[in-house]
1. Round to a whole number: what % of the accessible area of the range 261-320 belongs to carbon and sulfur, probe 1.4 Å?
2. Which cross-chain or sequence-distant (5 or more) residues have an amide H under 5 Å from the amide H of LEU237, H modelled 1.01 Å from N in plane?
3. Compute and list, largest first, the equivalent-ellipsoid semi-axes of the range 58-181 from the alpha carbon gyration tensor, each √(5λ) rounded to a whole angstrom.
4. Can you report the principal axis dimensions of the chain using only the alpha carbons, biggest first, rounded to whole angstrom?
5. Return the equivalent ellipsoid semi-axes of the range 149-286 as a descending list in whole Å, where each equals the square root of 5 times an eigenvalue of the C-alpha gyration tensor.
6. What are the ³J(HN,Hα) couplings of the range 303-314, residue after residue, when phi is run through the Karplus curve with 6.51, -1.76, 1.60 and θ = phi - 60°? Round to Hz, x for glycine and proline.
7. Based on the Cβ-Cβ distance from ARG38 to SER201, what FRET efficiency comes out when R0 is 56 Å, to the nearest 0.05?
8. Under the 0.36 nm per residue contour assumption, what length would be gained going from the current alpha-carbon distance of THR184 and SER60 to full extension?
Amino acid sequence: MTHTMAKALNDGLRRAMESDDSVLVMGEEVGQLGGVFRITEGLLAQFGPQRVFDTPLAESGIVGTAIGLAMRGYRPICEIQFDGFVYPAFDQITSQLAKLTFRHDGALSLPVVIRIPYGGHIGAVEHHQESPEAYFAHTAGLRVISPATPHDAYWMIQEAAAQPDPIIFMEPKSRYWHKGEVDTENPGADLHQAVVVKPGSDLTLIGHGAMMSTLVQVAEIAEGEGTSVEVIDLRSLSPIDWDVLVNSAQSTGRVVVAQEAPGSVSVGSEIAATLTERAFYSLECPVIRVTGFDTPFPPAQLEAAYLPSVDRILDAVDRAMAY
């Protein structure tokens with residue numbers, strides 16, 4: 001079937017709730033309204049207010065309540081309306097949710113999914129277009145994943161709901177309305193598996209989330225200019241599927257990593273450092289990062305200058321191929 005990512009997430013949530021009565025959906029306006037992006041639309045009517053319910057406008061309370069529910073055997077899926085709104089819940093996520101299983105020596109599971117629409121490209125204001133994934137990928141005890149296609153969104157939300165551990169589910173909001181094929185019978189890749197979107201032999205492009213559509217455009221343009229580019233979708237930011245990345249780096253000898261988030265101490269930084277360690281003798285040049293700038297996300301009129309563009313990434317490809 002062909003779906004938007006929003007519809008794929010909605011169908012995935014519905015299927016997860018049909019499969020397991022302990023799965024709950026909670027957050028600000030997720031019930032009657034269906035969420036600010038309508039991802040939970042129709043779930044209240046189907047499953048009732050005991051399983052789909054609105055919360056107060058208090059992110060720390062949403063996550064704190066979810067932790068208590070998980071301790072009692074439920075599987076809550078929380079919606080944070082926008083990326084920048086997650087910070088009031090940061091203490092609950094990093095100090096409690098991430099650590100309680102370890103603190104109980106594995107005897108306590110916390111199957112909590114926190115859905116966070118993130119990233120730019122929608123012309124919004126501050127706190128509505130940020131990319132905070134590095135905070136959570138850095139935190140031991142959390143898994144962090146991000147689908148880039150409707151197919152992955154459909155399957156990954158179901159897989160996340162079935163996991164025993166807390167998962168930060170980063171949804172590239174600018175891709176909500178883009179359509180793609182969804183195979184409802186075959187998930188394709190495992191939850192934490194990176195995927196080679198397009199094979200190539202001269203250079204590897206690595207990214208996640210909304211950046212993937214840009215990387216595919218870059219690869220097509222570069223191929224027209226004689227450079228064979230391999231494109232890899234991380235899908236999982238913690239843990240990272242290093243085998244796929246290292247094998248590609250060893251094969252092509254050149255790597256460019258692109259992300260919307262600022263570059264300093266980021267997921268892209270970790271990829272560059274690890275590939276340098278594990279594929280050093282195969283690399284023809286340093287791993288190059290193309291990222292957002294180390295500033296707060298700018299006003300909407302300046303987002304095109306802030307976010308990595310096709311031209312900026314092509315420039316990095318040209319620099320890598322010049323070595």
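The values are calculated or read from the model by the stated rules, or taken from the named source; none is laboratory data. Keep in mind that what you see is a predicted model, and the values were worked out from it rather than measured. Positions of Cβ are backbone-derived with ideal geometry, glycine not excepted, and every protein chain shown enters the neighbour counts. What goes into the accessible areas is simple: the full protein's heavy atoms, side chains included, and nothing from ligands, DNA or RNA. Shrake-Rupley method; radii C 1.70, N 1.55, O 1.52, S 1.80 Å.
1. Numbers: 1790 of 3150 Å².
Summing carbon and sulfur atoms, their accessible area is 57 percent of the total for the range 261-320.
2. VAL144, ILE145, SER146
3. On the way: eigenvalues 121, 56, 27 Å².
Value: 25, 17, 12 Å, ordered largest first.
4. Principal-axis extents of the Cα atoms in the chain, largest first: 60, 42, 41 Å.
5. Details: eigenvalues 126, 66, 39 Å².
Here the semi-axes work out to 25, 18, 14 Å.
6. Whole-Hz 3J(HN,Hα) from phi for the range 303-314: 5, 5, 7, 7, 6, x, 9, 4, 5, 5, 6, 4.
7. Numbers: r = 42 Å, r/R0 = 0.75.
After rounding to 0.05, the efficiency reads 0.85.
8. Values: separation 124, 0.36 × 124 = 44.64 nm, distance 3.46 nm.
Net length gain for the segment: 41.2 nm.
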